[in-house]
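Input: a single structure, listed below in structure tokens.
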Amino acid sequence: MSLLELALIFGSNFVFIGLKAFQQRNVTAEKYALIHVTSMLMAAVEVYVIWKMAEHGPTLELVLTLGAAGGTGASLATWLHKRHVSPTRPAVGYTGVKQKHSEADMPSISSGDTVRDRRSAVT
């Protein structure tokens with residue numbers, strides 16, 4: 001396999017896995033229009049990657065190239081999506097309300113207590 005061919009495979013898998021990571025963030029952020037566009041791009045690149053895998057078989061250089069490209073592509077796509085598409089998306093279940101706990105809400109545990117004492121103080 002030539003160096004040029006490995007570079008093309010690296011670039012293709014970089015884009016393909018990057019698009020998969022981008023797509024995953026599109027779905028969780030409910031970006032419906034981007035979901036369809038990204039799916040079409042993924043299909044186009046995936047055909048080339050699978051064709052090259054079938055053509056060359058499971059060689060070590062192919063596996064290392066695909067793995068390096070995939071990790072790099074996923075990392076970059078996640079960073080780009082977070083920075084430009086969905087920058088302020090809060091975590092799932094986040095309500096935006098900070099809860100305050102007073103000392104009266106927390107059980108008192110001294111350093112001399114046993115584990116059994118601590119369990120009964122919590123329940």
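Just one of the listed residues (Ser102, Ser108, Ser39) is small (Gly, Ala, Ser) and at pLDDT 85 or above, namely Ser39. List every residue pair whose Cβ atoms lie under 8 Å apart, where the two residues are 6 or more positions apart in sequence or sit on different chains, the first residue falls within segment 8-21 and is free of Cβ contacts under 8 Å to residues at least 60 places away in the same chain, and the second residue, located anywhere, is surrounded by 20 or more Cβ atoms within 10 Å (Cβ to Cβ) and polar (S, T, N, Q). Going by the 8 Å Cβ cut-off, the qualifying pairs are Phe10/Thr65; Leu19/Thr38. Looking only at segment 28-49, residues that are of a type in the set (D, E, K, R) and within 29 Å of Leu6 (Cα to Cα) come to 1 in all.
The values are calculated or read from the model by the stated rules, or taken from the named source; none is laboratory data. Since the structure is predicted, the reported quantities are computational estimates derived from the model, not experimental observations. Positions of Cβ are backbone-derived with ideal geometry, glycine not excepted, and every protein chain shown enters the neighbour counts.
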